[in-house]
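Participant: A single structure is presented below for examination.
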Amino acid sequence: MALRALAVDDEEPALEELLYLLGEDPRIGTVLPALDAREALRLLEQALRAGPEAPEAVDVVFLDINMPGLSGLELAGSLAGFAVPPLIVFVTAHEDFALRAFDLKAVDYLLKPLRKERFAEAVRRVAELSRAGQGPAGGLVDQVPVELGGVTRFVPIADITYVEAQGDYARLHTPRGSHLVRVALSTLEEQWRSRGFVRIHRSRLVALARIEELRVEGGNLSVRIGDRVLAVSRRNARDLRDLLARHAQGAR
């Protein structure tokens, strides 16, 4: 069954480009346009009332973020209250909102100007999830989008061993390398606390489960993760010890 899409962008040229790309993809059937998020919400509420088999039903929303009035992020947040919310693909000129977008369980995050190959990849992801009968929870919430040479890659959060602050950015370290994302360390600390990430220094978070050794030398505390030894600040030392003790007890 062809996908039923809703394209939302407050700039007419950008909306026309989005409609063109959707119309060129054989996996897309009907496409509804909307020039702002409020119009999109009206169409989505209408689709919800009509039911999943109705012609106006929507499987996926290709959604701009920066729009006057209701933003794309706010619209996506409101869709969580739908009984069967559509899948979301964000289409934006700003990379700053990527982590927030994936917290909202977006399937993909496309940066303007759009590239045809990258757009087709997003449609492929949507089509796979739709065939599998998965809603937004089947998206990429457990992965982090990173840009590398104009290509968006998805790094599993489970692969990240520690994170270092670099100005307004954060560097994500994995066993296979590191990636720079534009997000504050304090934001990641709040969002990933439930995933076992803890602050050991004002400029560093670590994955608790990745700590291999706890070292005390000259009254200074440090942890070893792989071949890296990372200093723990005095301010964070006690909390880290308590967390490691509870983690060890829970593993027994």
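Participant: Pairs needed: first member in segment 172-188, under 14 Å from residue 147 (Cβ atoms) and touching a residue at least 24 places away in the same chain (Cβ under 8 Å); second member anywhere, open to solvent by less than 30 Å² (accessible area, probe 1.4 Å) and assigned to a helix (DSSP H, G or I); C-beta distance under 6 Å; at least 6 residues apart or different chains.
Facilitator: 183/99
Participant: Then there is this: In segment 225-241, what count of residues is obtained for those that are outside any strand (DSSP E or B) and open to solvent by 70 Å² or more (accessible area, probe 1.4 Å)?
Facilitator: Number satisfying all stated conditions: 6.
Participant: Taking only segment 109-119 into account, find how many residues are touching a residue at least 40 places away in the same chain (Cβ under 8 Å) and surrounded by 14 or more Cβ atoms within 10 Å (Cβ to Cβ).
Facilitator: Within segment 109-119, the subset touching a residue at least 40 places away in the same chain (Cβ under 8 Å) is 109-112, 114, 116, 119.
Checking the rest, the ones that are also surrounded by 14 or more Cβ atoms within 10 Å (Cβ to Cβ) come to 109-112, 114, 119.
Residues in segment 109-119 being touching a residue at least 40 places away in the same chain (Cβ under 8 Å) and surrounded by 14 or more Cβ atoms within 10 Å (Cβ to Cβ): 6 in total.
Participant: Now, a different point. Please enumerate the residues belonging to segment 195-224 that are within 24 Å of residue 153 (Cβ to Cβ) and surrounded by fewer than 18 Cβ atoms within 10 Å (Cβ to Cβ).
Facilitator: The answer is 195, 196, 209.
Participant: A further question follows. Within the set of pairs 6 or more residues apart or between chains, which connect a residue that is more than 17 Å from residue 235 (Cβ to Cβ) and outside any strand (DSSP E or B) inside segment 193-215 to a residue that is open to solvent by less than 30 Å² (accessible area, probe 1.4 Å) and of a type in the set (Gly, Ala, Ser) with Cβ atoms less than 7 Å apart?
Facilitator: As it stands, the answer is 196/207; 208/196; 209/196, since those pairs meet every condition given.
Participant: When you go through (1) touching a Leu at 6+ places or on another chain (Cβ under 9 Å); (2) of a type outside the set (Gly, Ala, Ser); (3) within 21 Å of residue 1 (Cβ to Cβ) one by one for residue 52, which number turns out not to apply?
Facilitator: The number of the failed condition is (1).
Participant: Quick check on segment 12-46: of everything there that is assigned to a loop (DSSP other than H, G, I, E, B) and touching a residue at least 40 places away in the same chain (Cβ under 8 Å), which residue is most open to solvent (accessible area, probe 1.4 Å)? Explain how you work it out, then say what you get.
Facilitator: So in segment 12-46, the residues assigned to a loop (DSSP other than H, G, I, E, B) come out as 25-27, 35-36.
If we keep only those that are touching a residue at least 40 places away in the same chain (Cβ under 8 Å) as well, we get 25, 27.
Working: 25: 16, 27: 82 Å².
Out of the qualifying residues, it is 27.
Participant: Moving on to the next point. Out of curiosity, is residue 91 β-branched (Val, Ile, Thr), crowded, with 23+ Cβ neighbours inside 10 Å and not in a loop (DSSP other than H, G, I, E, B)?
Facilitator: Here the answer is yes, as residue 91 does meet what is asked.
Participant: Condition check: in contact with a Leu (Cβ under 7 Å, 6 or more places away or on another chain), surrounded by fewer than 18 Cβ atoms within 10 Å (Cβ to Cβ) and modelled with pLDDT of 85 or more. Does residue 178 satisfy that?
Facilitator: Yes: the conditions hold for residue 178.
Participant: Residues to consider are 96, 159, 142; find the one that is at pLDDT below 75 and open to solvent by 30 Å² or more (accessible area, probe 1.4 Å).
Facilitator: 142 is the lone residue from the list that is at pLDDT below 75 and open to solvent by 30 Å² or more (accessible area, probe 1.4 Å).
Participant: Does segment 52-74 contain any residue that is surrounded by fewer than 18 Cβ atoms within 10 Å (Cβ to Cβ) and part of a strand (DSSP E or B)?
Facilitator: no
Participant: Another question about this same structure. Take segment 75-84 and flag every residue that is in a loop (DSSP other than H, G, I, E, B) and out of contact with any Lys or Arg (no Cβ under 9 Å at 6 or more places or on another chain).
Facilitator: 81, 82, 83, 84
The values are calculated or read from the model by the stated rules, or taken from the named source; none is laboratory data. Note that this is a predicted model, so its numbers are computed, not measured. FYI the Cβ positions are ideal-geometry reconstructions off the backbone, even for glycines, and counts take in every protein chain you see. Accessible surface is based on the protein model in full, side chains and every heavy atom, while ligands, DNA and RNA are left aside. Shrake-Rupley method; radii C 1.70, N 1.55, O 1.52, S 1.80 Å.
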